[in-house]
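Participant: Here's a structure for you.
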Amino acid sequence: QVQLVESGGGLVQPGGSLKLSCAASRIGFSRYTMGWYRQAPGKQRELVADITSGGDTNYADSVKGRFTISRDNAKNTVYLQMNSLKPEDTAVYYCNANRIVFDYWGQGTQVTVSS
């Protein structure tokens, strides 16, 4: 079955950087819109950023100018470069693959921003 495996999460100080990766398998990766979502304790899951099959990107207002989403179709991988991290960025980050009626999720990776 389709697998999305996130990596790169961890503990970082405010102002620091992390790069998340999501490796996809058993999927026509290049045809999917790939997204990163996050869910903080007690809050709903929210879109952080996504990138279409054509390379168009979309960001939540809260991360614009700090986060960058990119994809490597040859490696079936989507990335999220996170800079200038803030404590409010603390959440579990999930990778998503979406195309028409198909919607897949990874297991999530924890990002904690704390001094």
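The values are calculated or read from the model by the stated rules, or taken from the named source; none is laboratory data. Note that this is a predicted model, so its numbers are computed, not measured. Ligands, DNA and RNA are excluded from the accessible area calculation, which covers all protein heavy atoms including side chains. Shrake-Rupley method; radii C 1.70, N 1.55, O 1.52, S 1.80 Å.
Participant: Using the heavy atoms of the protein chains and a 1.4 angstrom probe, tell me the accessible area per residue for the chain in square angstrom.
Facilitator: Dividing the accessible area of the chain by its residue count gives 53 Å².
Participant: Using the 2.2 N^0.38 Å rule of thumb for compact globular proteins, work out how the chain stacks up: its C-alpha Rg over that value, please.
Facilitator: Compared with the compact-globule rule of thumb, the chain sits at 1.00.
Participant: Please compute the contact order of the chain in relative form: average sequence separation of alpha-carbon pairs under 8 Å and at least six residues apart, divided by the residue count, as a percent.
Facilitator: Here the relative contact order equals 36 percent.
Participant: Using only alpha carbons, build the gyration tensor for segment 1-55 and give me the equivalent ellipsoid semi-axes, biggest first, whole Å.
Facilitator: Whole-Å semi-axes of the equivalent ellipsoid: 23, 14, 13.
Participant: Once amide H atoms are built 1.01 Å from N in the peptide plane, which residues 5 or more positions from residue 90, or in another chain, come under 5 Å H to H?
Facilitator: 113
Participant: Each residue of segment 49-62 in order: what ³J(HN,Hα) in whole Hz does its phi give by Karplus 6.51 cos²θ - 1.76 cosθ + 1.60, θ = phi - 60°, with x for Gly and Pro?
Facilitator: Per-residue couplings from phi come out as 6, 9, 9, 7, 4, x, x, 6, 10, 9, 10, 5, 4, 5 Hz.
Participant: Under the definition of Cα pairs under 8 Å and six or more residues apart, what whole-number percent is the relative contact order of segment 34-93?
Facilitator: 32 percent
Participant: Give me, ordered by chain and number, the residues 5 or more places off residue 48 or on other chains with an amide H under 5 Å from its own placed amide H.
Facilitator: HN-HN under 5 Å from residue 48: 36, 37, 38.
Participant: Top to bottom by accessible area (1.4 Å), largest first, where do 25, 53 land?
Facilitator: In descending accessible area the options line up as 53, 25.
Participant: I've got another one for you. If the chain between residue 115 and residue 1 were fully stretched, how many nm would it gain, using 0.36 nm times the residue separation less the Cα-Cα distance?
Facilitator: 37.1 nm
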